[in-house]
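Here is the structure we will look at, set down as structure tokens.
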Amino acid sequence: MSYRLIGSLPKIGIRPVIDGREEGVRESLEAQCMEMAQNAARLIEGNLRFPSGEKYQCVIADTTIGGVAEAAQCAEKFKKEGVTATLTVTPAWCYGTEVMDSDPNLPKAIWGFNGTERPGAVYLAAALAGYAQKGIPCFSIYGREVQDAGDTEIHDDVKEKILRFAKAAMAVGQMQGTSYLSIGYGSMGIVGSMVDQNFFHDYLGMRTEFVDQMEVLRRIEKGIFDQDEYQKALSWTKENCTEGTDYNQTQSDAERKAWEWETVVKMTLIIRDLMIGNPKLKEMGYGEESLGRNALISGFQGQRQWTDHMPNGDFPEAILNSSFDWNGIRQAYMVATENDSLNGVSMLFGHLLTNTAQIFSDVRTYWSAESVQRVSGKTLTGKAANGIIHLINSGSTTLDATAEQRNAQGDSCMKPYWDISEAEAEACLEATRWPQGIKEYFRGGGYSSQFKTRGEMPVTMCRINLIKGIGPVLQLAEGWTVDLDNDIHEILDARTNPTWPTTWFAPRINGKGPFTDVYSVMAHWGANHGAISYGHIGADLITLAAMLRIPVNMHNVPQDKLFRPALWNAFGSEPEGADYRACEAYGPRYGIK
């Protein structure tokens, strides 16, 4: 397990703040206060990991913080240690603004102990008032149940908020200073492929790097890739990637198909090397090429200029987005098909919050139960009974989405790479076929992944959209993948394109607004693409969006699970309207308001 980008992973700083009055008060609180900090650190470090596999790391202040001098000492330590977010903890009253974390650039939260002897909730309220007056968003963590002074247990509701804050804050920290690599640019008029540098810089703290697709062709022609790894990858591909049915009326000959396989394997190596570099290239005399672009995420334009002439990017995108390849089981890369950077960012959000591979799909078709009955003669049941949405795309769908992985209960799931077994990786590969690309779409050929998500899994679909006059907004829908009977699936799937991977999605509906019914979810979706993550992570996404000052315009998360900065409460009693007003008032995290 190793972080593959340049720089260090972010850390969380734990700040135990205390009533600074000595000769009795401070001394009586020292042990309890520091133990709160240590318990919070143990909770975070014992439960959370980065997508690369490393455990989260917390840095605790050397002493409790009773005044400005100790706050400054803590800040200096955190700066040296690479802390990118802070959690302040206290069981008691403290001197409000004198002990607060005053750095406006760090995501921050306060856990105020719900007790009666010296209630930390009083400090929590005072500090939040100070942050509100200064215009610094801060998350409030306050347990529902009163605890005794000597009780060191962290109650479940507090745990949930601490972990949700930590995941979102570390996602913010991981993005900062990395790159989005745009390989090519605009694809078929898809606006997300016209990469908005200001969005990446102002809201995510990321660079945008641009490489013409000609660089991929140059590296293919000049052999600028690890030749030994290429032979290993090609052999693995021949052994594990079964070619599917060729649906083209005019089919390529065996020689051409073999060349296309060789080319798409080379493309996979090259796109990865463009993202993160490869020291092997320096040994070959290509020092500049060996460095990569420090890209946490990339997008490949493909259509049309590339795919009219060369094999499509479906194989490279699908393999890179999966949790395994010829080098074994490893962290998935994030590669957006058609260079849809906004859907790529949506995939990235899900990846950073769950550590799992992500599904990239067209949000293609709403199928009502009546329409399914009409064309198939069959009745939708179970989660699908109210209708389904067809998620399908030729490119970036991870092979993890075959749903061949299993959790401890034996249910279909998608796992962080370190929990995936060799047998599960093999099962995902065996469930996938690779038909020749349809030449109506891909004149240069190539191979598209083909599978059906064969299992019912909880998932969350999300998408960032840029709206003139507002900026970025996030929409999301929690629901489930649906394993349709093959006699229904084959009829419906063949009406679109049988060579592409399909996931059938049933969003959770509640009879209100965009979630009145499944049709309304489809009708309110803001773009042609969606990013789908394993698990119901809507609440985590909403917390992350608030940290980035991105309002949420559509979600089906229960209101009691919403966790945004306390300051959002000052912008009105209706949560979504308040979210918009707060994000507008404070502006993008890294931008100039």
| Of residues in the range 186-208 being part of a helix (DSSP H, G or I) and open to solvent by 60 Å² or more (accessible area, probe 1.4 Å), the one nearest to Trp306 (Cα to Cα) | Val191
| Restricting attention to the range 536-555, and to residues there that are touching a strand residue (DSSP E or B) at 6+ places or on another chain (Cβ under 7 Å) and open to solvent by 10 Å² or more (accessible area, probe 1.4 Å), which single residue is nearest to Phe571 (Cα to Cα)? | Asn553
| Can you find even one residue in the range 390-402 that is without any contact (Cβ under 8 Å) to a residue 12 or more places away in the chain and either under 21 Å from the mean Cα position of the chain (by Cα) or assigned to a strand (DSSP E or B) (or both)? | no
| request: Could you tell me whether the range 86-99 includes any residue that is among the hydrophobic types (A, V, I, L, M, F, W, C), surrounded by fewer than 17 Cβ atoms within 10 Å (Cβ to Cβ) and in a helix (DSSP H, G or I)? | output: no
| said: Just to be sure I understand, how many residues within the range 221-243 are free of Cβ contacts under 8 Å to residues at least 60 places away in the same chain and open to solvent by less than 30 Å² (accessible area, probe 1.4 Å)? | reply: 5
| remark: Among residues of the range 273-294 being assigned to a helix (DSSP H, G or I) and open to solvent by 20 Å² or more (accessible area, probe 1.4 Å), the residue farthest from Tyr180 (Cα to Cα) is Glu283
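A quick yes/no check of all residues on (1) without any contact (Cβ under 8 Å) to a residue 12 or more places away in the chain; (2) assigned by the TED database to the domain that holds Leu544; (3) within 30 Å of Lys79 (Cα to Cα):
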{"site": "Asp156", "(1), (2), (3)": "yes, no, no"}
{"site": "Lys167", "(1), (2), (3)": "no, no, yes"}
{"site": "Val195", "(1), (2), (3)": "no, yes, no"}
{"site": "Phe199", "(1), (2), (3)": "no, yes, yes"}
{"site": "Arg219", "(1), (2), (3)": "no, yes, no"}
{"site": "Asp246", "(1), (2), (3)": "no, yes, no"}
{"site": "Thr250", "(1), (2), (3)": "no, yes, no"}
{"site": "Ala258", "(1), (2), (3)": "yes, yes, no"}
{"site": "Val264", "(1), (2), (3)": "no, yes, no"}
| query | Which pairs do you get when a residue that is aromatic (Phe, Trp, Tyr), found in the range 471-491, comes within reach of a residue that is at pLDDT 95 or above, reach meaning Cβ atoms under 8 angstrom, with the pair 6+ apart or on two chains? | reply | Trp480/Lys383; Trp480/Glu456; Trp480/Met457; Trp480/Pro458; Trp480/Val459; Trp480/Phe505; Trp480/Ala506; Trp480/Arg508
| request: Inspect all residues belonging to the range 227-239 and state whether any of them is modelled with pLDDT of 95 or more and not in a helix (DSSP H, G or I). | output: no
| query | Has the range 149-159 got any residue that is at pLDDT 95 or above, in a helix (DSSP H, G or I) and within 26 Å of Asn105 (Cβ to Cβ)? | reply | yes
| query | Within the range 445-495, can you find the residues that are open to solvent by 40 Å² or more (accessible area, probe 1.4 Å) and of a type in the set (Asp, Glu)? | reply | Glu456, Asp483, Asp485, Asp487, Glu490
| request: Test Glu35 against the criterion of being of a type in the set (Asp, Glu), within 33 Å of the chain's Cα centre (by Cα) and either in a helix (DSSP H, G or I) or closer than 23 Å to Met170 by Cα (or both), and give yes or no. | output: yes
| query | If you go through the range 49-71 one residue at a time, do you hit one that is part of a helix (DSSP H, G or I), of a type in the set (A, V, I, L, M), in the same structural domain as Glu153 (by the TED database) and open to solvent by 40 Å² or more (accessible area, probe 1.4 Å)? | reply | yes
| query | When you scan the range 328-345, how many residues do you find that are under 24 Å from Thr237 (Cβ atoms), surrounded by 24 or more Cβ atoms within 10 Å (Cβ to Cβ) and of a type in the set (A, V, I, L, M)? | reply | 4
| message | Step by step: first the residues of the range 217-230, then only those that are out of contact with any Phe, Trp or Tyr (no Cβ under 8 Å at 6 or more places or on another chain) and among the aliphatic types (A, V, I, L, M), then the one that is farthest from Trp259 (Cα to Cα). Which residue is that? | response | Leu217
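The values are calculated or read from the model by the stated rules, or taken from the named source; none is laboratory data. All values derive from a computational prediction rather than experimental measurement. Note that we place each Cβ from the backbone using ideal geometry, even for glycine, and neighbour counts take in every protein chain shown. Accessible surface is based on the protein model in full, side chains and every heavy atom, while ligands, DNA and RNA are left aside. Shrake-Rupley method; radii C 1.70, N 1.55, O 1.52, S 1.80 Å.
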